[in-house]
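Below is one structure, written out as structure tokens; comments come after it.
Coordinate-derived values only; no laboratory data. Since the model is a prediction, treat every value here as computed from it, not as a measurement. Neighbour counts are summed over all protein chains in view; Cβ atoms, including those assigned to glycine, are modelled from backbone coordinates with ideal geometry.
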Amino acid sequence: AGYLNRLRRTEPHLKSFLYVSDTVLKEAEEIDRRIQRNEELGPLAGVLVAVKDNICTADMPSTAGSRILDGYRPPFDATAVRKLKECGAIVVGKTNLDEFGMGSTTEGSAYQVTANPWDLSRVPGGSSGGSAAAVSARQCVVSLGSDTGGSVRQPASFCGVVGLKPTYGRVSRYGLVAYASSLDVIGCVGSSVADAGIILHMISGHDRFDATSSKLHVPDFTSQFISRDLLESKPLKGLRVGVIRETLDDGVDPEVISLVRGAASHLEELGCIVTEVSLPSFSLGLPAYFILASSESSSNLSRYDGVRYGNQVVADEINSLYGDSRAKGFGSEVKMRILMGTYALSAGYYDAYYKRAQQVRTLIQESFKEVLDKNDILISPAAPSAAYKIGEKKNDPLAMYAGDIMTVNVNLAGLPALVLPCGFVGGGSTCLPVGFQMIGAAFDEEKLLKVGHIFE
Ligand code: GLN
């Protein structure tokens, strides 16, 4: 009830939810009754989870922040949602996002702008801004987001919470509205590393509805949180940490750089061997990401034709039915990305753009592999700055895209990464949280969770 009261009071200011369930109290009471009857309950019994609105939920709308899916109610739960429900979690509602996940501020939602709980005049980050703001303001316990190029990690940094992007394939994408299928993953937001890790544990694993979900064994991520290491004086003794030199460079807020360096020294105090490492291909990630993500999205979004899903305009012939439904249903950022992607994939330009970006992707994967062979984890800022003002980058997409520099490489390489708070910037009346990013080897979420848990 505490969470619901807070939700009711804060929601008019924050607007983190696109939909709030009206059965939460009833579901919670039912769990209370079962506790009284000494019934066996799931490990997440009664935990309030918010779900990003591009993840399908039966009995609730799923709009992906787009007008084209206004009123769409999927007849099924995404696998990740189904698994959480099976553990006893209660879905409290659907959180706001940039339309189809395309953006870094949540201003790109077709419905509303979400505010940052630390400063209502600032953005919560994006595209999972609603999910991060909701956890930050304690409107729910944990939330699910999606991360194609940083959408779980950058909002976690802006809102002072923990964001976990799993390895590509660790969590089923079944029921996640596709943006760029080779990069998309469902991720977890929590107010501690343990919370995010517990949720990851519950949603991981192979799923026959997603052929790209991995069959690898899912270790017990939760065992990290009762580790005896915590009692030792140097619990992370000998762990090799590489600070990525290219991420602490021009264009990054000096205050952010010093907080990340501070986090590195803290890791050193805990016993880690910290060195600087170089990823020369780092700056190539941004252009490669935007070409690949736009290309895949132009193909994925062709399914919204006004016939199979969502909104349809009245038209007297088929081409204008398609054309007008899409013209009315998609927002400007989405249209721009469809155009960019279609251009990059068109016959005359394919080799120059799409193919080249794929080659860069391979280069990035190889250079990560090389440094991760010699280091256990890599660290960097989660974003070049703390949260900025609502409206500040709205009409300057390139400035907004540039803010994704710290996160997109990780998606191109398919690696897991954890963002957690490392301090605050500002002075006087502004005090804004900043997170740093730890990147691990593929399917080694365990190590990230262990280090993160000991760090905090
Ligand atoms: N901000 C990035 C983009 O606009 C990443 C978004 C995401 O991870 N969904 O594409």
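Worth pointing out:
- Of the residues ILE203, HIS217, LEU231, the one whose Cα sits farthest toward the positive end of the charge dipole of region 94-239, with +1 on the Cβ of Lys and Arg and -1 on the Cβ of Asp and Glu, is LEU231.
- Relative contact order, percent, the chain [alpha-carbon distance under 8 Å, six or more residues apart]: 18
- From least to most packed, judged by other beta carbons within 10 angstrom and beginning with the fewest, LEU248, LEU48 follow the order LEU248, LEU48.
- Residue exposure sequence - PHE100, PHE225, PHE368 - by fewest surrounding Cβ within 10 Å: PHE225, PHE368, PHE100
- Look at the alpha carbon pairs under 8 Å that are at least 6 residues apart: their mean separation over the length of region 300-365 gives a relative contact order of 20 percent.
- Rotationally averaged projected area of the chain (alpha carbon convex hull; nm²): 22.3
- Whole-angstrom gap from region 150-170 to region 336-409, using each part's C-alpha centre: 16
- The Cβ shell under 10 Å around ALA383 holds other residues with a net charge of -1, Lys and Arg each +1, Asp and Glu each -1.
- Going by neighbour counts of Cβ atoms within 10 Å, the residues LYS15, LYS335 line up, fewest first, as LYS335, LYS15.
- Given charges at beta-carbon only (K, R positive; D, E negative), |dipole| of region 255-403 in Debye: 400
- In the chain, the DSSP beta bridges split such that about 65 percent are antiparallel, to the nearest 5.
- Packing rank of 187-195, 17-25, 156-164, where each peptide gets the mean count of other beta carbons within 10 Å, highest leading: 156-164, 187-195, 17-25
- Listed residue (CYS87, THR106, SER128) projecting farthest to the positive dipole end of region 80-129, Cβ model: CYS87
- Zero-based 5 Å bins, Cα pair distances in region 7-73, whole percents: 3, 14, 19, 19, 18, 13, 8, 4, 1, 0
- Sequence-ordered 3J(HN,Hα) estimates for region 336-351 from the Karplus curve with 6.51, -1.76 and 1.60 and θ = phi - 60° stand at 4, 5, 4, 5, 4, x, 5, 4, 5, 8, 6, 3, x, 10, 3, 5 Hz, glycine and proline given as x.
- When each of LYS335/LYS355; LYS52/LYS85; LYS83/LYS393; LYS52/LYS234; LYS335/LYS369; LYS85/LYS389 is checked by Cα-Cα distance, pairs over 27 Å: LYS83/LYS393; LYS52/LYS234; LYS335/LYS369; LYS85/LYS389
- For region 53-204, relative contact order (Cα pairs under 8 Å, six or more residues apart, normalised by length) works out to 21 percent.
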